[in-house]
Amino acid sequence: MKLTVVMPVYNEQATLRQAIERVLAVPFEIELLCIDDGSEDGSRETLLELEKEHPQIRVLIQARNSGKGAALRRGIAEARGDFVIVQDADLEYDPSDYKTLLEPLIQGKADVVYGSRFLGGDPHRVLYFWHSVGNRMLTLLSNCLTNINLTDMETCYKAFRRAVIPSDRRKPIWLRAGNYHQSCQASPQNL
């Protein structure tokens, strides 16, 4: 089983090396796709150095900042693994959660797994009240439009079988059947 980790990068110099070390430390066969989205802080140079040091890393360069969505689309399109996980480069989420996220996919119980900061009793990052209200409103709107029942559409992990990526890239993968919700938590330094 091969796991592709798609990491969009935009001006993440301060946390980039540590984030990549944590991803490469997980006990899976990893393909790490780092998409530099027009960074201006030295992130691109760091990525190119790390690509030379680690054969699991492929760096994809976007000439100018096109946004996280564009970086994710490019990374997902280039993925070669059986499963794909989206990982931010800012250390907010801990790659040690991959095993938990991948379990429903490996067992064939789901095609897509979404993390949530609002499920489970594990420690989680404290959210500001109005941020939480806004997130819940956006999640409600998303659930109404997609007819799925998420608890946290804004952030957290997303993992899916590469096979569910539609050949028609205009159809989002989250509209596919077989979604599964999984709790996730922030890294200890963000608690």
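Restricting attention to the range 18-28, the residues being open to solvent by less than 30 Å² (accessible area, probe 1.4 Å) and in a loop (DSSP other than H, G, I, E, B) number 1.
Scanning the range 75-84 turns up no residue that is among the aromatic types (Phe, Trp, Tyr) and modelled with pLDDT under 90.
If you go through the range 29-49 and keep only what is open to solvent by 60 Å² or more (accessible area, probe 1.4 Å), outside any loop (DSSP other than H, G, I, E, B) and either without any contact (Cβ under 8 Å) to a residue 12 or more places away in the chain or closer than 21 Å to Asn65 by Cβ (or both), you end up with Glu45, Leu48, Glu49. Reported count of residues in the range 74-106, each being over 12 Å from the mean Cα position of the chain (by Cα) and part of a helix (DSSP H, G or I), is 11. Annotation note: of Lys109, Lys52, the sole residue that is part of a loop (DSSP other than H, G, I, E, B) and open to solvent by 60 Å² or more (accessible area, probe 1.4 Å) is Lys109. Of the residues making up the range 9-25, those that are farther than 14 Å from Ile57 by Cβ and either touching a Lys or Arg at 6+ places or on another chain (Cβ under 9 Å) or among the polar types (S, T, N, Q) (or both) are Tyr10, Asn11, Gln13, Thr15, Gln18.
The values are calculated or read from the model by the stated rules, or taken from the named source; none is laboratory data. Everything numeric in this text was worked out from a predicted model, so none of it was measured. We place every Cβ from the backbone using ideal geometry, glycine too, and count neighbours over all the protein chains shown. When the accessible area is computed, the model is the full protein with side chains, heavy atoms only, and any ligands, DNA or RNA have been set aside. Shrake-Rupley method; radii C 1.70, N 1.55, O 1.52, S 1.80 Å.
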